[in-house]
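Participant: First the structure, then my questions, so here it is.
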Amino acid sequence: MSFKRFAFVGLVILLVLFSLACRTAETIAQLRATPQAPRTRVTRAPTRVSKPPTAAPEIMPTEITAVTDIPAPPTNPPPPAPSTKPPPAAPPTKKPAAPPPPKPTNTVPPASPTSQFKFRIQESRCGPNVRTYIEGFVYENNQPKNDVLVRISQGPDGQPDPNDDYRTGTDPRKGYFFQNIDSNAPHAGTWYLWIIDPGTQQRISEIAIVKTDAQRVEDTENSSGSCQSATIKFSTSGPIVNPTRTVAPTNTRDPNAQPTPTQDPLDDS
């Protein structure tokens, strides 16, 4: 009787232990993390992808990458072959735009060049006449200057021709000089006159140029006429402008000054 009770108690204990084991297994199964989907085995067929197995509704499928039969690149690839294609032509160089011209500025006009000679041509004029000559005066500081030589020549800085040098003061009029060319008729020619220092025999003035005509032509309101009698004034004060009547330019030429031509008051016709 004692044995049967002991067997019955053992059987009850086994049933209780079995029930507890089943409950424990179920609890462990619920607490276990969701297993990952098994990795799909991919075959080596080109661009062929195997289908993933059907998973439980709550399991998300993992991303599957397609695998091809393209071999992997070598570790040390050979250098690329040189290209036979010619390099592209360089684009044309754009011509730079020209800079804008500078704006004019209010510059001060340059001063008139100063003559290197002491005496300058103050005035020159010429008119028609029945004879041909050149006369004039020499002024220093607005005063007549005596004892200087006035040369006439047929070339600049040439020898006296046709007359000798004329010394101012020879005539009673101070600073006056006279060079006769033809006392009987108009005479054509080109004459150069300048002043010489009698002590050094060096030129000390600009050169005056006079071109005389072979025929007398009277002057009018529109023409200065011919040139036979010329008057020249040398001065240290420089050229002046005559307030008398201005006519067309005469044949008197001067490379260094532009005097205002006027009618010759000395008309011996």
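Just so you know, all these numbers are worked out from the coordinates, no wet-lab data involved. Only a predicted model underlies this, so the values are computations on that prediction, with no experimental measurement involved. Here the Cβ is made from the backbone with ideal geometry for all residues, glycine too, and neighbour counts use every protein chain on show.
Participant: If R₀ is 25 angstrom, what is the calculated FRET efficiency for the pair Ser183 and Asn146, using the beta carbon separation as r and rounding to 0.05?
Facilitator: After rounding, the FRET efficiency stands at 0.50.
Participant: Once label points are set 7 Å from the Cα along Cα→Cβ at both Thr200 and Val16, what is their separation, rounded to one decimal in nm?
Facilitator: A separation of 15.5 nm, rounded to one decimal place.
Participant: Now for a separate question. Using a Förster distance of 41 angstrom, determine the FRET efficiency expected from the C-beta separation of Ser223 and Asp161, and round it to 0.05.
Facilitator: It comes to 0.85.
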